[in-house]
Amino acid sequence: MDTTSTTRQKEPVETLSRVVIRFAGDSGDGMQLTGTQFTATAAAIGNDLATFPDYPAEIRAPAGTLAGVSGFQVNFSSEDIFTPGDAPDVLVAMNPAALKANVKDLRPGGILIVNTDSFRDSDLTKAGYAKSPLTDGSLAAFQVHEVDITKLTRAALKETGLPQRIQDKCRNFFALGMMYYLYHRPMDVSMHWIEQKFGKKPELVEANKLALKGGYAYCEATEIFQVTYEVPKAKLEPGTYRNISGNQALCLGFVAAAQKAGRPMFLGSYPITPASDILHEMSNYKNFGIVTFQAEDEIAAIGSALGAAFAGDIGLTTTSGPGMALKMEFIGLAIMVELPLVIVDIQRGGPSTGLPTKTEQADLLQAMFGRPSEAPCIVIAARSSSDCFDVAYEAVRLAMKHMTPVILLSDGYIANGAEPWKLPKIDALPAIDVRLHTEATGFLPYARDPETLARPWAVPGTPGLEHRIGGIEKSNGTGNISYEPANHEAMVHLRADKVARVANEIPPCNVEGDPDGLLVLGWGSTFGAITGAVRRGRAEGRRVGHLHLRYLNPMPADLGEVLARYDTILLPEMNLGQLAMLIRAKFLRDVVQLNKVQGQPFKESEILAKIQDLAPAKEGVRA
């Protein structure tokens, strides 16, 4: 971490290149809101940033217990960053459970702020502490600041006349005010948000503003911090930026694709964590021709989306792992009737209910093979929150052009995380060619485009284009029901070839770093951690490249050639080796697996350690 020092009015001020803060407390302490507000301010200042909201799985976990701890980590920087950071520089712990769950991640020498009002004997017991960590010396490695946040918040709000329980709900803004002071952040963004959020309840506007100012003023008056810090704005590529989460970016990508295609979009969905936000967000875009439908279950959701595709709309359905399993029969039907459909799977820890609020990459094989019989479809994956826009757009484009389902894989880490996103120029987006068939003369519902093998998209109700679709095998060309053995085999090959031909138009592999030596191969949300680790490895003089796959079925046509150039291939995945299995089967290349299935994303340091094992540093270069 690069630092330079200047002097402010009261205490020394250091300039840092990057800082990681984690807010942690009970799920009712507003930690997600606190982190989101700090993030919004960092974005407004112009920092590069990445966030990691970590929700408890239990909706109503007992207060003060480890099961109910909610955390929000933000990494903000004056330089390029790719992850929310490995180890927090600052931990704000609102109770003992939050401290116990998170203090192991705080870097040695890091700043620890604890709300001492929540460290009563009963609070310690709920968190599993036999004695207070504030007195047993276990926190000696950190800069501990014990602050009576609850009492100080009540004091700041005593003139409001609000009930104590309402005053206590403002504690998070007091803690936020302290962080704004420590890092020289303006309060304007949060003040404006408070006015917008609580505008119909002036007493809450006043209370939250007082709490925010109270936290800031407390630090100023007590000089609690011996040093404060500044993180300058990042040097970003010119353009207009906004802070965006993965699910928000997916929605904007779908809306942009619908506008570019000139077709209505229908989203049929059943709420499931962490995909539910997409349904909520998409319902805000009715004015762009977006129709949203909350179905009674996962099967009805995809059934309605496929019906919309049959009627000429862009069909879309969203879910997570368990819901994906329920949708599989309908995905098979979509493959059989050869209609465009986009299925979004926001992966989470599983199987079954598993870890509903935690992240994982373990649905790849389900997306590839989770259907009866020979039923291939296109599979693509987003690599970051902002990348979700491009991947959503690409999913629609491919589905429209090739008349087949596209499965889009994201995960909880990408979906809930946020980062700056440069708004694209609409004119620069690739065209989405939608060819609704209208010519009745010589119409054959299963005629083939010679390039893509796609069949014509004939909207029901078009005179002369009446035709039959369904799950029973069809005769190529006429679409008549056929039990002819040779026809079935030909149709199986046709449907597979149609997907395989997508490889003809996807971009070649783009390797960052060295063209030989060690290749770190990845897909999905490991992108940030791999990118950071590879850059650090190369800075240490190690020969290493990074290839990240967006297209998983089919894969890029030159992938085998690229893999052959490298001595060793390292493949980090948040599963037990699903892409590794595919690489071995398809290219007969062994890989070194690095697997993590803890519901948490990879850290840069975990991947860097493996790179250091596999790629020696050049002589004369200090590792």
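Filtered by the rule that a residue be assigned to a helix (DSSP H, G or I) and of a type in the set (S, T, N, Q), region 275-330 gives Ser276, Ser283, Asn284, Asn287, Ser304. Note on region 64-79: residues that are open to solvent by 10 Å² or more (accessible area, probe 1.4 Å) and out of contact with any helix residue (DSSP H, G or I) (no Cβ under 8 Å at 6 or more places or on another chain) amount to 3. Looking across region 475-499, the residues that are in contact (Cβ under 8 Å) with a residue 60 or more places away in the chain, in contact with a Pro (Cβ under 9 Å, 6 or more places away or on another chain) and either among the hydrophobic types (A, V, I, L, M, F, W, C) or not in a helix (DSSP H, G or I) (or both) come down to Ala496, Val499.
Of the residues making up region 278-301, those that are over 17 Å from Met324 (Cβ atoms) and either touching a residue at least 40 places away in the same chain (Cβ under 8 Å) or open to solvent by 40 Å² or more (accessible area, probe 1.4 Å) (or both) are His280, Glu281, Asn284, Lys286, Asn287, Phe288, Val291, Thr292, Phe293, Gln294, Glu296. Those helices (runs of 4 or more DSSP H) of region 137-255 in which 1 or more residues are over 34 Å from the mean Cα position of the chain (by Cα) occupy 149-156, 164-168, 202-222.
When residues in region 307-344 are screened for being over 21 Å from Pro372 (Cβ atoms) and out of contact with any helix residue (DSSP H, G or I) (no Cβ under 9 Å at 6 or more places or on another chain), 4 of them pass.
Conditions (1) crowded, with 17+ Cβ neighbours inside 10 Å; (2) at pLDDT 95 or above; (3) not β-branched (Val, Ile, Thr), marked per residue:
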residue	(1), (2), (3)
Ser410	yes, yes, yes
Pro424	no, yes, yes
Ala447	no, yes, yes
Pro456	yes, yes, yes
Pro463	no, no, yes
Glu466	no, no, yes
Gly471	no, yes, yes
Ile481	no, yes, no
Glu489	no, yes, yes
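Screening region 44-63 for residues that are buried (at least 22 other Cβ atoms within 10 Å of the Cβ) and of a type outside the set (A, V, I, L, M) and picking the one that is farthest from Ile607 (Cα to Cα) gives Asn47. When Ala580 is tested against (1) assigned to a helix (DSSP H, G or I); (2) closer than 29 Å to Gly349 by Cα; (3) open to solvent by 20 Å² or more (accessible area, probe 1.4 Å), just one condition goes unmet, and that condition is (3). Within region 137-149, residues that are polar (S, T, N, Q) have Cβ atoms under 8 Å from residues that are loosely packed, with under 15 Cβ neighbours inside 10 Å and at pLDDT 95 or above in these pairs: Gln143/Gly109, counting only partners at least 6 apart in sequence or on another chain.
The values are calculated or read from the model by the stated rules, or taken from the named source; none is laboratory data. Keep in mind that this is a model prediction, so the values were computed, not measured. Backbone-built Cβ (ideal geometry, glycine too); neighbour counts: all protein chains shown. All accessible areas refer to the heavy atoms of the entire protein, side chains included, with ligands and DNA or RNA removed. Shrake-Rupley method; radii C 1.70, N 1.55, O 1.52, S 1.80 Å.
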